[in-house]
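Below: one structure, written as structure tokens.
The numbers here are math on the coordinates, done by the rules we state, and not lab data. Bear in mind that the values here come from a model prediction, so they are computed numbers and not experimental data. With ideal geometry, Cβ positions are generated from the backbone for all residues, glycine too; neighbour counts draw on all protein chains shown.
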Amino acid sequence: MQVERRFSAALDMERDLTLYLPPGHAVSGNCPVIYAADGEAVAGLAQVIEPLITAGSIPPLLIVGVHSGESDVRAMEYLPHINPQRFMAHARFFVTGVASWDEKELGATPERMQRAVFGFSNGYCLPSG
């Protein structure tokens, strides 16, 4: 697991991304990816996914966890009815900013059918674009 800090033009601030790279990962441009809202979920998901990858039960895949803002803006970014502008800014960062970065830097596939988005608590509301 590693944490990267990326600037979001949509949010006009930096945001952490927690990354899981499968064993032997090479930047090929074809790796399936799971986007996690919230980034704190990556470690638990990776504990389930990695044994499946190493056993050959599933193909190698990336997990990119996008962290929300501090507690005072978390609900604004995940629940559209609280602050629609902030919600859409976070959605733009999540859907376009993160996706282009991980395609270029991590080799995540650009194919929509090879991507998944999951969340829990407030994070389930984020649109997948």
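Taking a sphere under 14 Å around the Cβ of LEU79 and counting the other residues whose Cβ falls inside, with K and R at +1 and D and E at -1, yields a net charge of -1.
Spin-label model, ILE53 to MET113: label points 7 Å out along the Cα-to-beta-carbon direction sit 2.3 nm apart.
Checking every one of the trypsin sites (Lys or Arg not before Pro) in region 37-105 against DSSP loop status and a limit of 14 other Cβ atoms within 10 Å picks out no site at all.
Looking at region 2-125, send over the antiparallel percent of its DSSP beta bridges, to the nearest 5. Antiparallel bridges make up about 50 percent of those DSSP assigns within region 2-125.
Near the amide H of ASP38, within less than 5 Å, lie the amide hydrogens of PHE120, all on another chain or at least 5 residues away, with H placed in the peptide plane. Helix 42-54 and the longest principal axis of the C-alpha atoms of the chain enclose an angle of approximately 20°. Ordering of 31-41, 54-64 by packing is 31-41, 54-64, highest average first (other Cβ atoms within 10 Å, averaged per residue).
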